[in-house]
Amino acid sequence: MTKTKMVLAAALVLGATFEASAKGGGGVMRCSLSGVNTALHGNIFGKKHIEAAREYGFVKLSDSGGRHGTWEVDPSVCGPT
């Protein structure tokens, strides 16, 4: 990971934590979806922010119809659970 990506990831983490705190909720932690409502964190899980989700260690799995999917922790990034 380049220094630029590391700085970007850190800024995203801080921004998400601040945004969630301002809304009265918790933040998103890298490699953990525990207690996360992805709909409330569009800056990470929104359609335009797939790379941000990858930086957090998340991947979106498509359902059989390819329309909607579920978010999962990526073991290739975060290690086995």
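Every read-out reported here was derived from the displayed coordinates using simple, explicitly stated rules and does not represent laboratory data. Worth saying up front: this structure is predicted, and the values here are computed from it rather than measured. Here the Cβ is made from the backbone with ideal geometry for all residues, glycine too, and neighbour counts use every protein chain on show.
Scoring 69-80, 39-50 by mean Cβ neighbours within 10 Å over their residues and listing the highest first yields 39-50, 69-80.
Scalar couplings 3J(HN,Hα) for segment 38-54, obtained by applying the Karplus form with A = 6.51, B = -1.76, C = 1.60 to θ = phi - 60°, are 4, 5, 8, 10, x, 6, 10, 9, x, 4, 8, 10, 4, 5, 5, 4, 4 Hz; x denotes Gly and Pro.
The order of the peptides 28-35, 51-58 by mean Cβ neighbours within 10 Å, most packed first, is 51-58, 28-35.
Each residue, Thr4 and His49, gets one label point 7 Å from its Cα in the Cβ direction; the gap between the two is 2.1 nm. Extension gain, Glu72 to Ser32, is 13.5 nm, computed as 0.36 nm per intervening residue step minus the present C-alpha separation.
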